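Before any comments, here is the structure.
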Amino acid sequence: MSYNLAELPPEERQKMAVDMAAATVAYKLRYGMSVIVGQIELEQPPELREYFRDRLAYHRKTSATLGVIMPQASLSPEAPKR
C-alpha cells in the first residue's frame with residue numbers, strides 16, 4: 001500500500017478534497033468562524049454534494065465529542081488536607 005496520494009485515481013482524490021472541505025466547514029462552525037455552508041456545498045462537484053453533506057454531518061458529530069472542557073474547579077489544585 002502506497003501513501004502517495006498523487007497515485008490515487010482522480011475520483012478518490014476528488015472525494016478526499018470534498019471530505020477536507022467538509023472537515024474545514026465543521027472546524028469553522030465549531031470555533032465560531034464565519035462560513036457559508038451553502039456556498040461551500042455549491043462549490044463541490046454536483047455528484048459529490050450528497051457525500052459532502054454526509055461527511056459534514058459526520059465531522060460535526062465527531063467535533064461535538066472533542067475538546068470537552070473540564071469544570072474550573074477540577075483544574076485547580078486541591079487544597080492540602082490537614
Of the conditions (1) modelled with pLDDT under 90; (2) open to solvent by 100 Å² or more (accessible area, probe 1.4 Å), GLY32 clears all except one; give me its number.
(2)
Scan the stretch 17-29 for residues that are of a type outside the set (Gly, Ala, Ser) and open to solvent by less than 80 Å² (accessible area, probe 1.4 Å) and jot them down.
VAL18, ASP19, THR24, VAL25, LYS28, LEU29
Restricting to the stretch 36-49, give me the number of residues that are open to solvent by less than 40 Å² (accessible area, probe 1.4 Å) and outside any helix (DSSP H, G or I).
2
Single residue of SER2, SER63 found to be in contact with a helix residue (DSSP H, G or I) (Cβ under 9 Å, 6 or more places away or on another chain) and either among the hydroxyl-bearing types (Ser, Thr, Tyr) or modelled with pLDDT under 95 (or both):
SER63
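If you check MET70 against the conditions, is it at pLDDT 95 or above and of a type in the set (A, V, I, L, M, F, W, C)? Working first, answer last.
On the way: at pLDDT 95 or above: no; of a type in the set (A, V, I, L, M, F, W, C): yes.
Against the criterion (at pLDDT 95 or above and of a type in the set (A, V, I, L, M, F, W, C)), MET70 does not qualify.
The values are calculated or read from the model by the stated rules, or taken from the named source; none is laboratory data. Please read all numbers here as calculations on a predicted model, not as lab measurements. When we count neighbours, we look across all protein chains shown, and the Cβ atoms used for this are built from the backbone with ideal geometry, even at glycine. When the accessible area is computed, the model is the full protein with side chains, heavy atoms only, and any ligands, DNA or RNA have been set aside. Shrake-Rupley method; radii C 1.70, N 1.55, O 1.52, S 1.80 Å.
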